[in-house]
1. Kindly list, by first and then second residue, each pair from a residue in the range 335-355 that is in the same structural domain as P245 (by TED's automatic domain parsing) to a residue that is surrounded by 14 or more Cβ atoms within 10 Å (Cβ to Cβ) and among the basic types (K, R), limited to pairs with Cβ atoms under 8 Å and residues at least 6 apart or on different chains.
2. Take the range 302-324 and flag every residue that is outside any helix (DSSP H, G or I) and modelled with pLDDT of 90 or more.
3. Name the residues in the range 254-296 that are touching a Phe, Trp or Tyr at 6+ places or on another chain (Cβ under 9 Å) and among the aromatic types (F, W, Y), would you?
4. Going by the structure shown, is G311 of a type outside the set (D, E), over 25 Å from P221 (Cβ atoms), buried (at least 22 other Cβ atoms within 10 Å of the Cβ) and in contact (Cβ under 8 Å) with a residue 60 or more places away in the chain?
5. Give just the number: which of (1) of a type in the set (S, T, N, Q); (2) modelled with pLDDT of 90 or more; (3) surrounded by fewer than 16 Cβ atoms within 10 Å (Cβ to Cβ) does T505 not satisfy?
6. Given A422, A393, A406, which one is closer than 30 Å to G311 by Cβ, out of contact with any strand residue (DSSP E or B) (no Cβ under 9 Å at 6 or more places or on another chain) and among the aliphatic types (A, V, I, L, M)?
7. Report every pair of residues separated by at least 6 positions or lying on different chains whose Cβ atoms are under 9 Å apart, first residue within the range 179-190 and of a type in the set (S, T, N, Q), second surrounded by 15 or more Cβ atoms within 10 Å (Cβ to Cβ).
8. For G234, indicate whether it is of a type in the set (G, A, S) and crowded, with 20+ Cβ neighbours inside 10 Å.
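The values are calculated or read from the model by the stated rules, or taken from the named source; none is laboratory data. Predicted, not measured: the structure shown is a model, and the values here were computed from it. No Cβ is skipped: glycine too gets one built from the backbone with ideal geometry, and neighbour counts run over all protein chains shown.
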Amino acid sequence: MPAISSDRAVFLCRCNGRVTSKLPLEEIQEWLCELKPGLKVVITDNLCQSQVMSQLIREQQVQPAVLAGCSHLSSEIALWQEPEKCAFDPDSVGIIDLVRELEPPYSNTDLVERAKLLLWAQVKRQEKFTGVPSKARRAHFARAQGEISRRDLFQSLIPKYRVTPYIESAKCLGEKCRICRASCEFKAIVSDGKAVSIDSAECRGCGICTTSCPRQAIIYPNFSLDQLEAEIEGLLLNNGEHLKPRIIAMVCQSSQYPIFDANLLPVTVPCLGMVSPGLILRALDLGAQGVVFISSKEKCQLKMDCSNWKGTVLFLQRLLEHWGIEPERVSALDEENLVQGLPRFSRRIDELKPISFTWSQSTTIPDKSLGLPAAILAISERLGTQATGRISAGTVPFGKITIDAAKCTGCGACVGQCPTDALANLQAADSCRLVFRQESCVGCGQCVDICPEKCLHLTKVLEVDKLNHELQVLFEDEFIHCRVCGTPFAPRAMVESVKARLGATGEAALRMETCPECRQKGRTHLAKSGMRA
């Protein structure tokens, strides 16, 4: 595959007059170039023909970043040669069907403004595209169904290339973390005992694992969080001047949704299950007045269970209620309910007053690893609300650990198993404490599974006032001091538990109050003198 040039362009297709009959492409070209100086915008015809595209790339000396024209762009590009021989990487471009945008009865002003936003959003998104490594690309053959034409038969013999997520091993915790494997319905994430990887032959590309990974170690090259956030930011450009109130539609790639209102702006994803609560909060923070999830359960290519993302919608609704914001601003619609549901949702958002922030500037969260907790606290601050409350409805992406202190021995097995460092052991000279940070807990339950005393309990809940890095002490105990050297070596509860299990009394019990080093020295001394310990 040829190296992608640092100069990437927007290619606009006239579609032999179909697009230019309603859209002033020269005006749009000028607007894009003013917004991003140095951006090259090329207007042409017949972009869906591979020879035209190849000639343009040679003549203009640029690679396409965004292609806009008719529906043939998506279908024809998918049939072009494999990436190694193609004039450009088909997976590296954003594609917009401008002809479809001409169909709804928008005003001319709304049509032009919507086209500008759709194009700018793809420009912003492609700025975050970093390429597709070979390990993230898999060849497959489409299976023709029913009666097919000769052309369909020929096309079915051409390998298609699908991009799948991959794991960045330097960030992955390996065997210590099982969260991504538990989230994959297709069992495509596997471990060889040392490293965790994605079996591209089994992966369906839903992207849910990218959201579930607490270390951001799973990379989806053309559906990264940075790309989706940049696209949403582009759609909300100059919010309030035109197409208001702005509504973001998170659309399942299998859904063919009708366009009713120009202010309903789509973001297409492989599966709605990969849409995180943090991404939706980011949309609201940037100025969206509503967000709707659009799915097509019957047509879903992945046949995914929709309960997970619908649980995310419910969680977000309860979170909005906690802030005093109308919960119906975030909603979910199935494709069969779109004809009535979308206009009704759009009208309801139009009736509501804009979300009232205490200052207009959106939040900046430079460290993505801070994620959802930082976004919740930042929006709470912008709204001027107190960070308190308890949310347990829906798919809650947080957990709360409680402990039966009478059973805990302070062994620390739970700490070693926690993939997010939500649990920690704090040791002083004479004591130890097991502490918990709720903002770090994702509720995976690995600590509960590993606990030998079965004294840990997990509740899927968000306590908003616990997101401020506050340490909650779950267990505290004094150390036993070695009877020989005086070194503190174990929590008293642990030593007493071992005594009780072994039924140790007398000298045997006293020996258990000796540190391992002194105990080993004692055994060595006794062995040399021929005595039994």
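1. Qualifying pairs under 8 Å: E335/K297; I349/R329; L352/R329; I355/R329.
2. W323, G324
3. Selection gives F293 alone.
4. no
5. So T505 meets the others, but not (2).
6. On the way: A422 fails: out of contact with any strand residue (DSSP E or B) (no Cβ under 9 Å at 6 or more places or on another chain); A406 fails: closer than 30 Å to G311 by Cβ.
The conditions single out A393.
7. From the range 179-190, the pairs are S183/I189; S183/I208; S183/C209; S183/T211; S183/S212; S183/C213; S183/G273; S183/N308.
8. Working: of a type in the set (G, A, S): yes; crowded, with 20+ Cβ neighbours inside 10 Å: yes.
For G234, the condition - of a type in the set (G, A, S) and crowded, with 20+ Cβ neighbours inside 10 Å - is met.
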